[in-house]
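Working notes, structure below.
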Amino acid sequence: MTRRQIRGLGAAVLVSALMTACSTEDTEGPGPGVSTATRSAPAAAFGEPESFADGLDAPWSIAFHGQTPLVSERDTARILEVDGSGSPREVGVIDGVSPRGEGGLLGIAVHENDLYVYFTADGENRIERYGITGDPGALALGPAETILDGLASANYHNGGRIAFGPDGMLYATVGDAGSRDRAQNLDSLSGKILRMTPDGDVPQDNPFPNSLVYSYGHRNSQGMAWTEDGTMYASEFGQDTWDELNKIEAGGNYGWPEVEGIAGEDGFIDPLQQWSPDDASPSGIVIHDGTIYIANLRGERLRAVPLTDPATADEQFVDTYGRLRDVAIAPDGALWILTNNTDGRGDPKTGDDRIIRVPLR
């Protein structure tokens, strides 16, 4: 299968109005019951948090090019580099970005000397690659190269997280784009986690022949991370009942739209944890020293899940910094948290949006 043939698998879906069956990350009603997780002792000792960088405009993702942090801004389509004093500088503007609703410039990932970006364009989502040139403080982007295009887009449920796994493959979360039944359709790339080579081709060991699909039955996953042994985890927005933390298996079916949350039904893989959307709306995740850290938007908190007991969690910074979009581990081992209060849904404070740096010890 070629990259251009991908277009035939998922025609772009434009959604102009939000319907009940396609709730967004912010307008979901509270789900029944409570989280299946219990409160545990803190999964890590946190040092004193500090506001490292501020004045960001609807930031979405953090990635590191060597020691240099890069940040994407959803609506401006800018890629920023942040220097050691926390000052941002524009590296480039991604051409063709069409921000609307939850769409725009979304996830970024760095592989060798290339920047990969996932964004919403007119009528589609796509992944492009740019060579990174120059030295820190004067970085620039080379010409765009399309890695994957023709992914269905909508005002909501675009997925958008990209990351390189320990196997050197590029993974991408793709939302159902408001067409929920596509999540169960293996001929569609919507509602899936995709796995591809750095050039966008289908790896020979993917679970479905000649297909980029790695797992399916996802509504709108926005976080991926791996342990040192290669075990993969992903966060997922539910509709109005349960948000999820999943352990991802190659070829696994995670149930959407047939089930939401822990269902115990044959043929579907249940999440490790589920939460009411009021307390979660999980986006970016990272794994460090045996703990999964989850940034939550509507829940306005950082959740720490110990891998030794993944049905439990500890909550940090509840209602402290507002909406949290992404979380990353910096080269010095500190935890970086990306706020998301200026995207039209939060309550921005002076200086928002910002990067919060939290030492781990």
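Overview of results
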quantity	calculated
Residue match in the range 270-283 (condition: charged (D, E, K, R), modelled with pLDDT of 95 or more and within 29 Å of LEU212 (Cα to Cα))	yes
Which numbered condition ASP199 misses (of (1) open to solvent by 30 Å² or more (accessible area, probe 1.4 Å); (2) in contact with a helix residue (DSSP H, G or I) (Cβ under 8 Å, 6 or more places away or on another chain))	(2)
Residue in the range 333-347 that is in contact with a strand residue (DSSP E or B) (Cβ under 7 Å, 6 or more places away or on another chain) and more than 22 Å from GLY160 (Cβ to Cβ) present	yes
Residue list for the range 44-80, restricted to those being surrounded by 19 or more Cβ atoms within 10 Å (Cβ to Cβ) and among the aliphatic types (A, V, I, L, M)	ALA53, LEU56, ALA58, ILE62, ALA63, LEU70, VAL71, ALA77, ILE79, LEU80
Strands (runs of 3 or more DSSP E) wholly inside the range 48-104 that include at least 2 residues being within 20 Å of ASP114 (Cα to Cα), touching a Lys or Arg at 6+ places or on another chain (Cβ under 9 Å) and aliphatic (A, V, I, L, M)	78-82, 88-93
Where a residue in the range 211-236 is over 16 Å from PHE268 (Cβ atoms) and surrounded by fewer than 24 Cβ atoms within 10 Å (Cβ to Cβ) and its partner, wherever it lies, is of a type in the set (A, V, I, L, M, F, W, C) and at pLDDT below 95, with Cβ under 9 Å and at least six apart	SER211/MET1; SER211/LEU9
Conditions (1) surrounded by fewer than 18 Cβ atoms within 10 Å (Cβ to Cβ); (2) closer than 22 Å to ASP83 by Cα: number failed by LYS349	(2)
Criterion (surrounded by fewer than 17 Cβ atoms within 10 Å (Cβ to Cβ), under 15 Å from ASP199 (Cβ atoms) and touching a strand residue (DSSP E or B) at 6+ places or on another chain (Cβ under 9 Å)) met by exactly one of GLU90, GLU128, GLU145	GLU145
Every residue from the range 296-308 that is within 21 Å of TYR254 (Cα to Cα) and touching a residue at least 60 places away in the same chain (Cβ under 8 Å)	VAL305, LEU307
Selection count where residues are open to solvent by 30 Å² or more (accessible area, probe 1.4 Å) and either closer than 21 Å to ASN340 by Cα or in contact with a Ser or Thr (Cβ under 7 Å, 6 or more places away or on another chain) (or both), scope the range 98-122	4
Hey, ALA138 open to solvent by less than 30 Å² (accessible area, probe 1.4 Å) and either small (Gly, Ala, Ser) or in a strand (DSSP E or B) (or both) or not	no
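The values are calculated or read from the model by the stated rules, or taken from the named source; none is laboratory data. Please read these numbers as outputs of a predicted model, since none were measured by experiment. Glycine gets a Cβ as well: all are built from the backbone with ideal geometry, and neighbour counts include every protein chain shown. Note: areas computed on protein heavy atoms with side chains; ligands, DNA, RNA excluded. Shrake-Rupley method; radii C 1.70, N 1.55, O 1.52, S 1.80 Å.
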